[in-house]
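Sending over a structure as structure tokens; questions will come in a sec.
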Amino acid sequence: MASPMSASSFLAALRHEGLTVVEVGDWRHHNRNHKGPWGPVHGVMIHHTATSGSERTVELCRVGHADLPGPLCHGVITKDGHVHLVGYGRANHAGLGDDDVLRAVIAEKALPHDNEANTDGNRYFYGFECENLGDGEDPWPAVQLEAVERAAAAVCRHHGWSERSVIGHKEWQPGKVDPRGFTMASMRARVHDRLK
């Protein structure tokens with residue numbers, strides 16, 4: 001069980017991992033904490049945005065939309081490899097997912113198939129949205145994939161977690177397909193190597 005790191009520690013961890021971080025507005029106090037607790041935290045969830053255009057993507061993830069208010073993640077990883085911090089605290093990114101998956105993440109074991117949505121993931125996961133159309137054809141630049149790896153590793157390093165604490169939205173909630181365009185197994189292998 002881990003308490004979320006402070007916003008300042010989060011920023012420092014990302015920068016210490018070699019990332020270019022852009023602070024967007026009052027990100028430290030932009031959250032959905034009035035809807036429920038954030039923490040204990042158990043892992044990092046990776047998403048794709050199904051959008052194009054960095055500026056538009058960052059703004060959407062910051063403010064959300066009528067059906068889903070922002071922030072929609074903690075950080076937006078744009079195609080240039082920059083991490084834009086848009087919120088800190090509870091964020092509308094994970095939604096309901098599988099409690100068996102959560103138990104596996106906590107135990108750092110292989111993930112079971114997600115077959116139910118009965119657990120509030122917004123409480124338990126850090127979330128990174130990655131700028132990509134999510135159609136399986138939109139490319140993932142090497143610099144962006146490296147930023148995903150570094151961001152996930154930064155959080156894991158702070159909390160003393162292994163790469164098994166990094167999951168995709170598609171591994172958490174039935175019916176989700178993100179991130180699409182690379183495998184989470186390959187990303188976990190990259191995080192593993194970086195943490196060594």
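Counting pairs of alpha carbon atoms under 8 Å apart in space and at least six apart in sequence, what relative contact order in percent does segment 1-151 give?
Dividing the mean separation by the residue count of segment 1-151 yields 32 percent.
Would you pull out the residues with amide H under 5 Å of GLY168's amide H, same chain only if 5 or more places away, H placed 1.01 Å from N?
Residues meeting the criterion, in which the H sits 1.01 Å from N, are ILE46.
With the contact rule set at Cα under 8 Å and sequence spacing of 6 or more, what percent relative contact order holds for segment 12-81?
About 26 percent, as a whole number.
Out of (i) 150; (ii) 107; (iii) 125, which label holds the value of volume of the Cα convex hull per residue in Å³ that was computed here?
So the calculated entry is the one marked (ii).
Count the net charge of all other residues whose Cβ sits under 11 Å from the Cβ of LYS79, scoring Lys and Arg as +1 and Asp and Glu as -1.
So the environment of LYS79 carries a net charge of -3.
Please list, in order along segment 22-37, the HN-Hα scalar couplings obtained from phi with the Karplus expression 6.51 cos²θ - 1.76 cosθ + 1.60 (θ = phi - 60°), rounded to whole Hz, x for Gly and Pro.
Computed from phi, the couplings for segment 22-37 are 10, 8, 10, x, 8, 4, 4, 10, 9, 7, 10, 4, 5, 8, x, x Hz.
Give me a comma-separated list of calculated 3J(HN,Hα) values for segment 94-101, in order, Karplus coefficients 6.51, -1.76, 1.60 applied at θ = phi - 60°, integers in Hz, x for any Gly or Pro.
Ordered by residue, 3J(HN,Hα) equals 9, x, 7, x, 8, 5, 5, 5 Hz.
Can you give me the Cα centroid spacing of segment 99-118 and segment 141-196 in angstrom?
If we compute the Cα centre of each part, the gap is 16 Å.
With +1 on each Lys and Arg Cβ and -1 on each Asp and Glu Cβ, and nothing else charged, work out how big the dipole of the chain is about its Cα centre, in Debye to the nearest 20.
580 debye
Using the Karplus equation 6.51 cos²θ - 1.76 cosθ + 1.60 (θ = phi - 60°), what ³J(HN,Hα) coupling, rounded to whole Hz, does each residue of segment 121-132 give in order, writing x for Gly and Pro?
x, 4, 6, 9, 10, 6, x, 10, 8, 10, 5, 6
Right, another one. If you take every DSSP beta bridge fully contained in segment 1-119, what fraction is antiparallel? Give it as a percent rounded to 5.
So the antiparallel bridges amount to about 70 percent of the total.
Each reported figure results from applying straightforward, stated rules to the coordinates on display, with no laboratory input. Just so you know, these numbers come straight off a predicted model, no measurement behind them. For neighbour counting, all protein chains shown are included, and Cβ atoms are generated from backbone atoms with ideal geometry for every residue, glycine included.
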